[in-house]
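Each remark here refers to the structure printed beneath this line.
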Amino acid sequence: MRQLTESVAAESEAIGLPRMQLRPMREDDVPVVAGIEQHVYPFPWSEGIFSDCLRVGYHCAVLELDVITVGYGIIASGAGEAHLLNVCVREEFRNRGFGRALMAHLLGLAAAAGAAVVFLEVRPANTGAIRLYEALGFQQIGVRRGYYQATAGREDALVMRRAVDAG
């Protein structure tokens, strides 16, 4: 996957297209990432939560298009499994393959960390994300009742799982 990403980046740069880059999140990315989070989600993570994720060593990544932060993702790995904690693409950049690229990167990080399986939770109403996860091989394995904060109390989460490719 890394070779493909590098090849696409080189070709895009050669013909003058914007350059996509996936890289580790840094502390100075936190205000921008938290700003995207606040714009997209009704109950967003705070800057402090993102900083804590960096501090404890979760795999945190940002996706940039030239100098614009398009999206980000956070995955925690340990004991042979990984948990996708947060993944988001700015609304104006959705349905253009950025979410798929970000997910492929995060799955690669999970594989490199020795995870055999990845879990995630998603709101049932987030049909776009569910379609992407299913296209990437995730399957629903359960429901967590009252998992998410919602305007009218709590909302359930679908629990999804996918095996991690070793290669």
With the condition being of a type in the set (F, W, Y), I'd like the strands (runs of 3 or more DSSP E) fully within the stretch 77-167 carrying at least 1 qualifying residues. 117-122, 139-150
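It is to be established whether one or more residues within the stretch 104-112 are more than 27 Å from R23 (Cα to Cα) and either among the basic types (K, R) or buried (at least 16 other Cβ atoms within 10 Å of the Cβ) (or both).
Within the stretch 104-112, the first condition is being more than 27 Å from R23 (Cα to Cα), and the residues that meet it are none.
The answer is no; no qualifying residue exists.
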Please tell me if F43 is aromatic (F, W, Y), out of contact with any Cys (no Cβ under 6 Å at 6 or more places or on another chain) and surrounded by 14 or more Cβ atoms within 10 Å (Cβ to Cβ). no
Only one of V56, V8, V32 is surrounded by fewer than 18 Cβ atoms within 10 Å (Cβ to Cβ) and modelled with pLDDT under 95, namely V8
Qualifying position, being within 14 Å of the chain's Cα centre (by Cα), under 13 Å from V164 (Cβ atoms) and of a type in the set (A, V, I, L, M), among L107, L102: L107
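Which of the residues that make up the stretch 115-129 are in contact with a Lys or Arg (Cβ under 9 Å, 6 or more places away or on another chain) and closer than 14 Å to R162 by Cβ?
Just the residues of the stretch 115-129 that are in contact with a Lys or Arg (Cβ under 9 Å, 6 or more places away or on another chain), to begin with: 117-121, 128-129.
Scanning the stretch 115-129 gives V117, V118, F119, L120, E121, A129.
The values are calculated or read from the model by the stated rules, or taken from the named source; none is laboratory data. This one's a predicted model, so the numbers in the text were calculated from it and none came from an experiment. FYI the Cβ positions are ideal-geometry reconstructions off the backbone, even for glycines, and counts take in every protein chain you see.
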